[in-house]
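Peer 1: The structure follows.
The values are calculated or read from the model by the stated rules, or taken from the named source; none is laboratory data. The structure presented is a predicted model; accordingly, all values stated were derived computationally and were not measured. Every residue, glycine among them, receives a Cβ derived from its backbone with ideal geometry; neighbour counts consider all protein chains shown. When the accessible area is computed, the model is the full protein with side chains, heavy atoms only, and any ligands, DNA or RNA have been set aside. Shrake-Rupley method; radii C 1.70, N 1.55, O 1.52, S 1.80 Å.
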Amino acid sequence: MNLERTKQTKAAITAVGGYVPDTILSNQDLEKMVDTNDAWITSRTGIKERRILKDPEKPTSFMAIEAAQDLIQSYHIDPSTIDLVIVATVTPDMPVAATAAYVASSIGATEAFGYDLSAACSGFLYGMSTCAAYINSGRYKKVLLIGADKMSSIVDYTDRTTCIIFGDGAGAVLFEPSPNEYGWEDEYFRSNGAERMSLRIKAGGSLYPTSTTTLENGWHNLFQEGKTVFKYAVSEMAEASEQILKRNDLTGKEINYLVPHQANKRIIDATAKRLGLEEEKVLMNISYYGNTTAATIPLLLNDNKLKFKKGDKLIFAAFGGGFTWGASYLTWAI
Ligand code: UT7
């Protein structure tokens with residue numbers, strides 16, 4: 001559906017916040033933990049360091065709350081006016097009891113309801129669509145979307161093919177009815193469940209409930225067929241982004257920023273090349289945050305928010321477990 005063709009309330013991002021933990025895990029630190037080296041990690045992924053939430057007593061909600069509070073304070077939002085809190089995450093505090101409900105209560109969003117959204121690295125992208133739809137419909141006026149993941153809680157730090165990639169962090173955006181003609185414009189989303197085993201945590205759900213077997217086999221850790229994921233990510237992220245440009249009669253020249261999920265610099269470069277975008281239009285934080293899963297996109301927005309001008313054309317793109325992927329188009333409204 002091209003939202004431009006409908007006459008609904010336009011949804012805009014009106015506030016942004018973020019949080020990353022202080023502890024840095026560098027490539028040099030990883031060299032001491034697994035058989036790897038800085039040159040390999042840098043050339044194959046573009047990552048130099050990532051942030052880790054060290055304290056075992058602090059879960060994902062800790063970072064989500066910090067990011068939300070950063071947004072609330074920076075933009076002087078009264079939390080009691082927030083209608084809904086959505087947390088996109090694959091590392092909820094607990095399998096049952098929505099992390100978002102706890103976050104909403106903790107930030108003083110006393111009139112809100114909250115639920116989690118699980119779509120791995122595409123979680124924040126899909127979440128933005130959900131928020132935009134609620135605003136478009138007129139049902140809610142202030143929807144807070146947080147992308148937060150404590151990836152260090154599910155990464156196996158003896159597996160060099162995954163532990164070098166991921167980091168912890170959280171980012172938040174507020175969706176409201178647009179104050180002008182700018183906001184959420186269009187989206188192109190797809191998924192392919194046939195590939196679900198290529199990027200997964202196998203156990204702990206209803207397919208393989210926790211047992212001594214699942215624990216002994218390490219099935220509670222994140223696992224990926226790196227090459228398969230890489231191949232799909234390169235072609236699908238670029239394809240989805242190209243579709244969005246075509247559908248909206250845009251060329252790379254007219255785009256101000258590409259805001260891509262940060263899985264691997266080579267995947268991002270391939271997408272940018274396909275769209276014909278110059279390097280300065282491609283936002284990245286992968287070198288210093290790594291892949292923070294649902295937090296990559298909102299952290300990019302937070303780190304670059306002072307750059308954006310009203311009317312700027314932003315293309316979002318993501319690919320992740322499921323497989324899930326897509327691209328969207330938003331014009332900056334504030
Ligand atoms: O956000 C969710 C989606 N996730 C992704 O998009 C990740 C997609 N995949 C990737 O980013 C890449 O596939 C990786 C970074 C995971 C791996 O890079 P690659 O270029 O695909 O490497 P590879 O798996 O083909 O491995 C090449 C070689 C292998 O050695 P041999 O068999 O050629 O002797 C690996 O064992 O590199 C070896 N290798 C390593 N060497 C040093 C794998 N991991 C490491 C490592 N350090 N950490």
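Peer 1: Tell me, yes or no, whether the stretch 267-279 has at least one residue that is within 11 Å of GLY169 (Cβ to Cβ), not assigned by TED's automatic domain parsing to the domain that holds ILE164 and not small (Gly, Ala, Ser).
Peer 2: Filtering the stretch 267-279 down to residues within 11 Å of GLY169 (Cβ to Cβ) leaves none.
No, the stretch 267-279 has no match at all.
Peer 1: Could you please let me know if ASN217 is without any contact (Cβ under 8 Å) to a residue 60 or more places away in the chain and either surrounded by fewer than 18 Cβ atoms within 10 Å (Cβ to Cβ) or more than 12 Å from the ligand (Cβ to nearest atom) (or both)?
Peer 2: yes
Peer 1: Let me ask another. Which members of the stretch 40-72 meet the condition of being open to solvent by 70 Å² or more (accessible area, probe 1.4 Å), within 16 Å of the ligand (Cβ to nearest atom) and farther than 10 Å from ILE164 by Cβ?
Peer 2: Of everything in the stretch 40-72, those that are open to solvent by 70 Å² or more (accessible area, probe 1.4 Å), within 16 Å of the ligand (Cβ to nearest atom) and farther than 10 Å from ILE164 by Cβ turn out to be SER43, LYS48.
Peer 1: Sticking with this structure for a sec: With the condition kept exactly as written, say whether any residue in the stretch 21-29 is open to solvent by less than 50 Å² (accessible area, probe 1.4 Å), assigned by TED's automatic domain parsing to the domain that holds ARG139 and away from the ligand (no atom under 14 Å from the Cβ).
Peer 2: Taking every residue of the stretch 21-29 in turn, at least one turns out to be open to solvent by less than 50 Å² (accessible area, probe 1.4 Å), assigned by TED's automatic domain parsing to the domain that holds ARG139 and away from the ligand (no atom under 14 Å from the Cβ).
Peer 1: Here are the criteria: (1) assigned to a loop (DSSP other than H, G, I, E, B); (2) in contact with a helix residue (DSSP H, G or I) (Cβ under 9 Å, 6 or more places away or on another chain); (3) open to solvent by less than 20 Å² (accessible area, probe 1.4 Å). Tell me which single one MET284 does not satisfy.
Peer 2: Tallying (1) assigned to a loop (DSSP other than H, G, I, E, B); (2) in contact with a helix residue (DSSP H, G or I) (Cβ under 9 Å, 6 or more places away or on another chain); (3) open to solvent by less than 20 Å² (accessible area, probe 1.4 Å), MET284 fails exactly one: (3).
Peer 1: Based on this model, can you work out whether GLY138 counts as away from the ligand (no atom under 16 Å from the Cβ) and on the phi > 0 side of the Ramachandran plot?
Peer 2: Yes; evaluated as a whole, the condition is true for this residue.
Peer 1: Picking from LEU283, LEU306, which residue would you name as being modelled with pLDDT of 95 or more, hydrophobic (A, V, I, L, M, F, W, C) and more than 15 Å from the chain's Cα centre (by Cα)?
Peer 2: Result of the check over LEU283, LEU306: LEU306.
Peer 1: Search the stretch 111-130 for residues being of a type in the set (Gly, Ala, Ser) and without any contact (Cβ under 8 Å) to a residue 40 or more places away in the chain, and hand back the single one that is nearest to the ligand (Cβ to nearest atom).
Peer 2: Taking the candidates together, the pick is SER118.
Peer 1: Same structure again: Of the numbered conditions (1) in a helix (DSSP H, G or I); (2) more than 16 Å from the ligand (Cβ to nearest atom); (3) in contact with a helix residue (DSSP H, G or I) (Cβ under 9 Å, 6 or more places away or on another chain), THR9 satisfies every one except a single condition; which is it?
Peer 2: Checking THR9 against (1) in a helix (DSSP H, G or I); (2) more than 16 Å from the ligand (Cβ to nearest atom); (3) in contact with a helix residue (DSSP H, G or I) (Cβ under 9 Å, 6 or more places away or on another chain), the one that fails is (1).
Peer 1: Can you tell me which residues in the stretch 140-179 are out of contact with any helix residue (DSSP H, G or I) (no Cβ under 6 Å at 6 or more places or on another chain) and basic (Lys, Arg)?
Peer 2: Result: LYS141, ARG160.
Peer 1: Pull up the stretch 222-242, narrow it to residues that are more than 8 Å from the ligand (Cβ to nearest atom) and open to solvent by 50 Å² or more (accessible area, probe 1.4 Å), then point me to the one that is nearest to ASP269 (Cα to Cα).
Peer 2: Among those that are more than 8 Å from the ligand (Cβ to nearest atom) and open to solvent by 50 Å² or more (accessible area, probe 1.4 Å), it is SER235.
Peer 1: Right, another one. If you check GLY326, GLY320, which single one turns out to be farther than 18 Å from ASP186 by Cα and touching a residue at least 24 places away in the same chain (Cβ under 8 Å)?
Peer 2: Answer to the check: GLY320.
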